[in-house]
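Following: one structure in C-alpha cells, then a few remarks.
Every read-out reported here was derived from the displayed coordinates using simple, explicitly stated rules and does not represent laboratory data. All of these numbers come straight from a predicted model, not from anything done at the bench. Here the Cβ is made from the backbone with ideal geometry for all residues, glycine too, and neighbour counts use every protein chain on show.
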Amino acid sequence: MSPSGAEVIRQIKQQVQEVDPAEVSEHLGDGVTLIDVRESDEWDRGHIPGAVHVPRSYLESRIEGVISDRDRRVVLYCASGQRSALAAHTLSGLLGYTDVASMTGGITLWKDRGYKVDVPKVLSREQKERYGRHLLLPEVGPEGQAKLLDAKVLLLGAGGLGSPTALYLAAAGVGTLGIVDDDEVDLSNLQRQVIHTTKTVGTPKVDSAEAAIGALNPDVEVVKYPVRLDASNIMGIIDGYDVIVDGVDNFPTRYLLNDATVRVGIPVVSASILGFDGQLAVFAPDDGPCYRCLYPVPPPAELAPSCGANGVLGVLPGTMGLLQATEVVKLVVGIGEPLIGRLLLYEALSATFTELKVRRDPHCPICSRDPAEIADEEMGVFPDYEAFCVAAG
Amino acid sequence: MALIKIPPVLRSSVGGEKEVRADGGDVGTILCALAEQHPDTRAQLFGADGSLNRYVNVYLNDEDVRVLDGLDTTVREGDTVVILPAMAGGSR
C-alpha cells in the first residue's frame, strides 16, 4: 500500500536537517542564505528580513540564480515547516546542495517568538497597472516601486527646472513631493515652466504645482512651502527628506543648501542653466564632493547672471530637469551609477555633453569636517558674502 | 595648440565664440595667450596678483588643474582646456 502524504512528509522531515528559529535569528546575514518558499501572497503579508523569495513551485528553476555556490549554508522556511522540509529535501537530494536546513515551525513560530517580520508595501491593482512599465524593469520591479512610493523628495523651486522634475517624479510615483517656492505664476514663466498653465497665472506656484500633480497622480502627497528658503527655516524644511532637488536661482541659497545638507547627510541633485548651457551634478555627503568642493567661492555678480536677465531656451530646463529627475529615481531605487564626483555639461546648440571630474577637497571648509560641528551661523556664508549680496541686490 | 572651451558668461569677451584655440605648453601660458587675444577675459580669469581667480575652475580634458599642477600643468597637442565658472540659474 502506498504511504499517505502525511507519512511521506514525516519521513522526509526525518531526513532533512531542521533548525530552530532562535538559531536562524542568531545567524541572520552571517554567511547564510535564507529562502522563503511560500507563495507570493504569503510573502506579501510579511517575511523574515533579509530573506529571498523563491516559491517552492519555482525552486528547481530559480535556485541557481539565487545561490550558485552549492556548498553555501541555506536555510529554508515556509508557514509551518512542512513545505520547507520538502524543498530542503529537493535541494540536497536532487540538486546537490550540501548544507541545507529547514526552519522548524516556519514563520508562524518565528512570529510567536517575537522576531521581526518585514511587511512589504503591496501595490493595489490600480498601482500595478499605473506603474506596470516600472514593474517590468528588473532594475525597478515591485521593490523599487515601493521605494519610490515611500520616498520623500524636496524640490527647491517649482520653476524652470522644478516643473519637469516634479511632473516626472509624480508620474514615477514618488510618494511625497515637497515644494519650496514663494513665487506666483507669471505669463512669462509658461515658456518653460510646464507644470503651470495659463489658467493658473497669478496664483501661487505651490498651489498651481499641487493641482497639476494631483491631476496626474493621486498617489503623491504634496507638501507646500510658500516661502523663500533661508537660514532661519532651512533646517526645519529639509528635515526628513531623502533627496533634495536643487534648481535655485542664486548662489547664497546654493551654499546655504549645501552646508545644511552636508550637516544632516541628505544627497542633493543639483542643476543650473543659462542660455543654451546646463550643468548637472549629484552631491552626496560622505560618498563624494560637495558643492563647495566644486565651487569654493561664487563668481562676482557681473559674472553670475540670472536667466531672467539673460534669457534661456525654454526646452533647456526641461532637458536638465529630467536629467535631475532621472538621478533622483536612481538614488531612491538604488540603481545605476549616480552622477557623484562628476559634473555633466550640456550645450544645446552644438548638442554636446562634456563630463568633468569633481574631486573631494580635503580642505573643504564644510565637508572635510565632522558634520555635527557645522554651526548655524556659518551655514551659507562664503568669503565676501556681504559684498556679493549687496552687488547682487 | 590647445582648444579652449569658453563658458557662456565669457563668450561676449571672445566675440561670441564657444571655443577658441591658443598656443602654449602649460595651462597658465595658454590662458595668458587667451587674455592676450581677448583682453576682456583677463580681469575675469586673473586677479591683480596674476593668479587664477578662485571662482574660475579650469580643467585639462576632464581633470581639475587644481589636482594636477595648477597653472603649470603641461598641455599637449590636442588637449582641451575647459574654463568653468559656477552658474546659478534655475528656478525663476
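Select from region B:31-68 the residues that are in contact with a strand residue (DSSP E or B) (Cβ under 8 Å, 6 or more places away or on another chain), part of a loop (DSSP other than H, G, I, E, B) and of a type in the set (Asp, Glu) and list them in ascending order.
Residue satisfying the conditions is B:62 alone.
Take the residues in region A:134-152 that are in a helix (DSSP H, G or I) and more than 18 Å from residue A:218 (Cα to Cα); name whichever of them is nearest to the other protein chains (Cβ to nearest Cβ).
Step by step, filter region A:134-152, then rank; the result is A:144.
Take region A:205-255 and flag every residue that is touching a residue at least 40 places away in the same chain (Cβ under 8 Å), in a loop (DSSP other than H, G, I, E, B), under 18 Å from the mean Cα position of the chain (by Cα) and farther than 16 Å from residue A:168 by Cβ.
A:240, A:241, A:242
Here's a check for you: in region A:153-188, which residue that is free of Cβ contacts under 8 Å to residues at least 24 places away in the same chain and more than 10 Å from chain B (Cβ to nearest Cβ) is surrounded by the fewest Cβ atoms within 10 Å (Cβ to Cβ)?
A:187
Quick one: how many residues across region A:327-371 are away from every other protein chain (no Cβ under 14 Å), in contact with a strand residue (DSSP E or B) (Cβ under 9 Å, 6 or more places away or on another chain) and among the β-branched types (Val, Ile, Thr)?
Looking only at that region, the number is 3.
Residues checked against (1) loosely packed, with under 11 Cβ neighbours inside 10 Å; (2) under 20 Å from residue A:108 (Cβ atoms); (3) of a type in the set (A, V, I, L, M, F, W, C):
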residue	(1), (2), (3)
A:2	yes, no, no
A:10	no, yes, no
A:16	no, yes, yes
A:33	no, no, no
A:38	no, yes, no
A:45	no, yes, no
A:51	no, yes, yes
A:56	no, yes, no
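Could you list all residues from region B:40-92 that are buried (at least 18 other Cβ atoms within 10 Å of the Cβ), more than 7 Å from every other protein chain (Cβ to nearest Cβ) and among the β-branched types (Val, Ile, Thr)?
Across region B:40-92, the qualifying residues are B:41, B:56, B:58, B:65, B:73, B:75, B:81, B:83.
With respect to residue B:24, determine if the residue is in a loop (DSSP other than H, G, I, E, B), farther than 29 Å from residue A:319 by Cβ and either free of Cβ contacts under 8 Å to residues at least 40 places away in the same chain or of a type outside the set (Asp, Glu) (or both).
Spelling it out, residue B:24 is indeed in a loop (DSSP other than H, G, I, E, B), farther than 29 Å from residue A:319 by Cβ and either free of Cβ contacts under 8 Å to residues at least 40 places away in the same chain or of a type outside the set (Asp, Glu) (or both).
Matching residues to (1) surrounded by 22 or more Cβ atoms within 10 Å (Cβ to Cβ); (2) farther than 17 Å from residue A:371 by Cα:
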| site | (1), (2) |
| --- | --- |
| A:214 | no, yes |
| A:225 | no, yes |
| A:240 | no, no |
| A:251 | yes, yes |
| A:268 | yes, no |
| A:276 | no, yes |
| A:279 | yes, yes |
